[in-house]
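Please read the structure below before turning to the comments.
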Amino acid sequence: MKTHQAKRVEITIEAIMQSRLTDALRKAGVTGYTVLPVLGGSGRSGDWVRSGEIGRASGMVQVVCIIRPDRLDGLLEAAFSVVDKHIGVVSILDCDVVRAERF
Amino acid sequence: MDQILSLAATNLLSPIILSFALGVAASLARSDLSVPEAAAKALSIYLLFAIGFKGGVSVADHGIDAKLGMTLLVGIILSAGLPIIAFGLLKVMTGLSRLDAAAVAAHYGSISIVTFVAATSVLQSSGIASEGYMVAVAAAMEAPAILSALWLISRGGGAQRMDSDLWREILLNGSIVLLVGAFFIGWITGEEGLREISSFIVAPFKGVLCLFLLDMGLVAGRGLRGRSGALRPGVLAFGILMPVIGSSLGAAFGLLLGLSTGGVALLMVLSASASYIAVPAAMRVALPEANPSIYLTLSLGVTFPFNLTLGIPLYVAVASALTGV
């Protein structure tokens, strides 16, 4: 089957920033993304787990976007306008997709 | 003094406090006991609905008190003013940066609704009545503290990110909407409405509160275990001193307003408690450079347990003594 090269951008960000990030992505023309819950983790700001938490201050989510390589810079600029000062991780991976017209 | 000690002992050995202690102990001992996030949220929704509804029913029973507006205004003033006192104390007692001090100060002007719920439960057990509209005062005291903290930052030339989305999130956060909404439902439907659902919101209330405080104990213990290094002695001392100062101001204003014993005690609790739901979320957006380990651990790991175990009986006893009950 023919596949097409794409970029998979994974942004792990504080839950409170999720809507701001997805709004910024939409404004930048990135309309396809998936939001995943994150159960816990450890990093420069210490350990945390989601269980038992009732507030959104200490939770994280992951926003995953798969886009054409030529749209990567626009996505990153939009994402960084939101996430630059916040706890989180942005990673970019090469991937292949089957239906290129969807990205 | 005997009355304070007796009430403190009774409170410390209540199922509510012992459930919280179990949570803290289990967490510190690294037990795998945990409450799923969805279950914890469901418990908090139940408690907020029940406490809001019962407050509304109380107002429906007793009518609108002329003091309602004044008490709301005083609540807003306390919420806006306490962060300024807290900020000054933090600058004197700790070596926190202006940013961290302002973020911590915001938590101490706002309120902990769980402490409020626990205090109403203690008052109920002691047969002490309070004004039903204190629920509305609790809701009114959530947000002004955030504005004071942001003012403290902008006054020092610091940058903060305040936008319309954050305003909406602060003023319409789920806790406030549910608390105020349930208050109005209780007010509109009154005793008749309460009778219809009392088997759901009255009888199971304390049991649900026990489970919820077990969860809060687990979260507080986890915070203490993982982040206690973030708190220096001066910061820890602030976490105990500030509730005492806040409750003293709450008592003074409560007496000036002529509130009942329960009302004075609740205003003391509201002034003494520190937020760990609405304010931390607002601080993460508005002041992302402030260290969350400091304000979350201080609020949930130090001040919340202090208020729950020693503070509430102390405030109730002081309110009883001051109002001559």
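Brief remarks follow.
- When the residues of region B:228-263 are filtered to those that are open to solvent by 50 Å² or more (accessible area, probe 1.4 Å) and within 14 Å of chain A (Cβ to nearest Cβ), the one that is nearest to B:ALA140 (Cα to Cα) is B:SER228.
- Scanning region B:264-276 for residues that are farther than 20 Å from B:GLY55 by Cα, within 11 Å of chain A (Cβ to nearest Cβ) and open to solvent by 10 Å² or more (accessible area, probe 1.4 Å) turns up at least one hit.
- Candidates A:ALA28, A:ALA57, filtered to the one that is open to solvent by less than 40 Å² (accessible area, probe 1.4 Å) and in contact (Cβ under 8 Å) with a residue 24 or more places away in the chain: A:ALA57
- Looking only at region A:36-68, residues that are farther than 18 Å from A:ARG102 by Cβ and of a type in the set (Val, Ile, Thr) come to 4 in all.
- Restricting attention to region A:69-89 and to residues that are more than 11 Å from chain B (Cβ to nearest Cβ) and free of Cβ contacts under 8 Å to residues at least 12 places away in the same chain, the residue that is farthest from A:GLU101 (Cα to Cα) turns out to be A:PHE80.
- Every residue from region B:294-318 that is farther than 14 Å from B:ALA102 by Cα and surrounded by fewer than 24 Cβ atoms within 10 Å (Cβ to Cβ): B:PRO305, B:PHE306, B:THR309, B:LEU310, B:LEU314, B:ALA317, B:VAL318
- Of all residues in region B:97-106, at least one satisfies being open to solvent by 20 Å² or more (accessible area, probe 1.4 Å), of a type outside the set (D, E, K, R) and part of a loop (DSSP other than H, G, I, E, B).
- Taking the listed residues B:LEU214, B:LEU172, the one that is buried (at least 19 other Cβ atoms within 10 Å of the Cβ) and either closer than 28 Å to B:TYR133 by Cβ or out of contact with any His (no Cβ under 7 Å at 6 or more places or on another chain) (or both) is B:LEU214, with no other qualifying.
- Any chance A:THR3 is of a type in the set (Ser, Thr, Tyr) and open to solvent by 80 Å² or more (accessible area, probe 1.4 Å): no
The values are calculated or read from the model by the stated rules, or taken from the named source; none is laboratory data. Source: prediction; values computed, not measured. Because the Cβ atoms are built from the backbone with ideal geometry, glycine has one as well, and the counts that use them run over all protein chains shown. All accessible areas refer to the heavy atoms of the entire protein, side chains included, with ligands and DNA or RNA removed. Shrake-Rupley method; radii C 1.70, N 1.55, O 1.52, S 1.80 Å.
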